[in-house]
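Structure record follows, encoded as structure tokens.
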Amino acid sequence: MLRDFAEIMNTSLISILCGLGGMLGWGIYDFLGGVYSKQIGPFKSIFWSQLAGTLPIIALLLVFTARFDIPVPVMFLIPVAAVVYSAGYLFFFRGFEIGNISIVAATMNLWAVFTMLFAFAFMGQRLTRIQSLGVFMIITGVTLASLNWNEIRNHRFKLSLGVKETVIGAFFFGVFWNISEIISEEIGWLPTTLFVKIGIVVFLLLFSFFRKRELALTTATPKTKGMVLLMGCIEAGAVAGVNYGLTIGDAILITPISSALSIVTILLAILFLKDRITRFQGAGMITAVAGIIVTGL
């Protein structure tokens, strides 16, 4: 009995640690993405950080066994997932570029709502009553956080800068996580992560070629270059940690903890960037994050 209890405790501890790792990693990545999107633009921030993030994932192949016999339908889904994921981050980081990082981070919590809606509509998954409450809290919180309350006081309805772009980004992330779930069930988390990251880099290269977007960081300082590369490694570590935890731990613990990444992003923005928010927006941020946690119960 003591042995069984110890095993349960180890599983729970691993689940909590992996969830916290995902929350911290993704939260820091989004914060740094917000900072450097304003300096070098969202496109360069995403491309170079995602390229850097492929290296740790490749290194994991030396530690974990991976399956590379890919079914034909999955071969078609991988590039779709890469394009959708890229679009999500392009719009998300564009929101960071022009908006308040705290407000944009809170608005991005809508990705959980979109993910659930698509799973409900196309994959036959259903919400429990408590999850439905969580979705309502997210929508309510995002609404409070994303409105420009100074304009409303002047009898003008106006969204805060970057909110529109962030909602579009959340939509694409909602699509991505459902596609990613299908791919992961077929070939495993590590090949899925690796192929999607490679697909993102290839897509952004093609996008930059046809749209004549510059990728070089010639005007960036060495510190900026180093931080953008660090961003990619941090995000890759978050992905690897959460996915590793899901293979041996409890998703019911890992998912809600890691999904609360906005807490980290918002706190960093308030502490280091002195982001200013109204009381209504603060209440909205708290409500949205709480809703994310509730959906995992």
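Could you please find all residues in the stretch 209-240 being open to solvent by less than 50 Å² (accessible area, probe 1.4 Å), part of a loop (DSSP other than H, G, I, E, B) and touching a helix residue (DSSP H, G or I) at 6+ places or on another chain (Cβ under 7 Å)? Once the filter is applied, which keeps residues that are open to solvent by less than 50 Å² (accessible area, probe 1.4 Å), part of a loop (DSSP other than H, G, I, E, B) and touching a helix residue (DSSP H, G or I) at 6+ places or on another chain (Cβ under 7 Å), the stretch 209-240 yields Leu215, Leu217, Ala220.
May I ask you to verify whether Gly245 is of a type outside the set (S, T, N, Q) and closer than 26 Å to Val104 by Cα? Steps first, answer last, please.
On the way: of a type outside the set (S, T, N, Q): yes; closer than 26 Å to Val104 by Cα: no.
No.
Whenever a residue of the stretch 255-280 is in a loop (DSSP other than H, G, I, E, B) and hydroxyl-bearing (Ser, Thr, Tyr), it has no partner that is at pLDDT 75 or above and open to solvent by 70 Å² or more (accessible area, probe 1.4 Å) lying with C-beta atoms less than 6 angstrom away and at least six residues away or across chains.
Being open to solvent by less than 80 Å² (accessible area, probe 1.4 Å) and either among the basic types (Lys, Arg) or closer than 26 Å to Ala87 by Cβ (or both) is not true of Leu206. Test Leu268 against the criterion of being surrounded by fewer than 22 Cβ atoms within 10 Å (Cβ to Cβ), modelled with pLDDT of 80 or more and over 14 Å from the mean Cα position of the chain (by Cα), and give yes or no. Judged against the criteria, Leu268 is a match. The lone criterion from (1) within 16 Å of Gly22 (Cβ to Cβ); (2) buried (at least 17 other Cβ atoms within 10 Å of the Cβ) left unmet by Ile248 is number (2).
Matching residues to (1) outside any helix (DSSP H, G or I); (2) within 23 Å of Ser208 (Cβ to Cβ); (3) modelled with pLDDT of 90 or more:
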residue	(1), (2), (3)
Ser15	no, no, no
Met23	no, no, no
Phe31	no, no, yes
Tyr36	no, yes, yes
Leu51	no, yes, yes
Thr54	no, yes, yes
Phe68	yes, no, no
Ala106	no, no, no
Phe114	no, no, no
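Does Ile286 satisfy the criteria of being open to solvent by 80 Å² or more (accessible area, probe 1.4 Å) and under 24 Å from Ile138 (Cα atoms)? Here the answer is yes, as Ile286 does meet what is asked.
The values are calculated or read from the model by the stated rules, or taken from the named source; none is laboratory data. Being a predicted model, the structure only gives us computed values, none of them experimental. Note that each Cβ is placed from the backbone with ideal geometry, even for glycine, and that neighbours are counted across all protein chains shown. Please note that ligands, DNA and RNA were not included when accessible areas were found on the heavy atoms of the full protein model with its side chains. Shrake-Rupley method; radii C 1.70, N 1.55, O 1.52, S 1.80 Å.
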